[in-house]
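Here is the structure we will look at.
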Amino acid sequence: MTERSTEEVKSCCVTAYESDVAAMLLGESYHPGGLDLTLQLAKDAGVTAGTKVIDIASGTGASAFLLARELSARGHGIDLGAQNVEKATAKAAEQGLEEMVRFSVGDAEKIRFADESTDVVFCECAFSTFTSKEQAASEMFRICKPGGVVAFSDVVLEGTNVGEELLSLAGWIACIADAKPVETYVDYLEKAGFALQETQRHDDAIVKMVDLIEARIQAFSMIKQLPDSFDKKQAETLLEQARQAIKDDVLGYVTIIAGK
């Protein structure tokens, strides 16, 4: 991928994930595996009633709401997108969860929480988009209590022998262009101070997501509901290259839990 400024990458990611198109194509949960994988990851991380969870890149709050409803966890979601935070806050009030889940605008590389202030740091399909992964991992370690854990899921990319679109800015927004091998993610966490507890591959989840997005693009195209600004050809090329990368065992999905 060509050199891009931190501001450009962050701005494009915020714009993309606050758009109506993102909701149309990705549904309620913006990551492979959906809320089923969210719940599994949370349980594997030891989230129970009263557990304090800080959800990094929380979007419109789907994961935080799930953990509050199903596990009675207390959460605080941070997201770069002010519109996402507004939507999540409104949803919390609508669902009667405003006392259990709160949201604020925040940057994963400059987390505005005190040292050792949370039991679990949660981050789904977002770490790969952070422009300074070392800083993000360090911040996660700083806010995690001793005995707490970081639990995240993300796209895995084994090398760069993939189509050009996957390494473009669009690929970055899709969590692919700057995705890393599992060992590299673990290295970021261990250098920050965490100790690896487990990794699990969920490559089938990314296959299903590609299928879902492809089907929705075709469906919304037929009924002419996609905005004129949507680049259907680029999206189809991205999906085609992603499918090939999965077939070549270059592209996958992983969950990681590491303790402090």
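What the table below lists for this structure:
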| read-out | value |
| --- | --- |
| Contact order normalised by residue count of the chain, Cα under 8 Å, 6+ apart, percent | 21 |
| Cα-centred dipole magnitude for the chain, charges only on beta-carbon of K, R (+1) and D, E (-1), debye, nearest 20 | 520 |
| Burial order of peptide ranges 61-69, 231-239, 130-138 (average beta-carbon count within 10 Å, highest first) | 61-69, 130-138, 231-239 |
| Cut-off 10 Å between beta-carbons: net charge of the residues surrounding residue 111, Lys and Arg +1, Asp and Glu -1 | 0 |
| Listed peptides 102-111, 182-191 by packing density, highest first (mean Cβ within 10 Å) | 102-111, 182-191 |
| Alpha carbon centroid spacing (whole Å) that separates segment 118-160 from segment 195-260 | 20 |
| Rounded, prolate or oblate (a/c below 1.5 giving rounded, otherwise prolate when a/b exceeds b/c) for segment 61-199 by Cα gyration tensor | oblate |
| Cβ crowding within 10 Å averaged over residues, with 155-161, 198-204 ranked highest first | 155-161, 198-204 |
| Cα lying deepest toward the dipole's positive end in the chain, options 97, 258, 54, charges on Cβ | 97 |
| P(r) histogram, all alpha-carbon pairs of segment 148-236 included - 5 Å bins from 0, percent | 3, 11, 17, 19, 17, 12, 9, 6, 4, 1, 0 |
| When the chain is reduced to its Cα atoms, the Kirkwood hydrodynamic radius in Å | 18.4 |
| ³J(HN,Hα), Karplus 6.51/-1.76/1.60, whole Hz, each residue of segment 42-47, x for Gly, Pro | 5, 5, 5, 7, x, 5 |
| Nearest 10 degrees, 0 to 90: helix 182-192 Cα axis against the chain principal axis | 30 |
| Helix-only [θ]222 nm of the chain, DSSP H runs n ≥ 4, -39500 (n - 2.57) each, per residue, nearest 500 | -14000 deg cm²/dmol |
| Tilt relative to the chain, helix 62-71 - C-alpha long axis, 0 to 90 degrees, to 10 | 40 |
| Considering only the chain, percent of DSSP beta bridges that pair antiparallel, nearest 5 | 45 |
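None of the figures in this text is laboratory data; all of them are computed from the coordinates on show. In this text, all values refer to a predicted model and were calculated from it rather than measured experimentally. Note: ideal-geometry Cβ built from the backbone for every residue, glycine included; neighbour counts use all protein chains shown.
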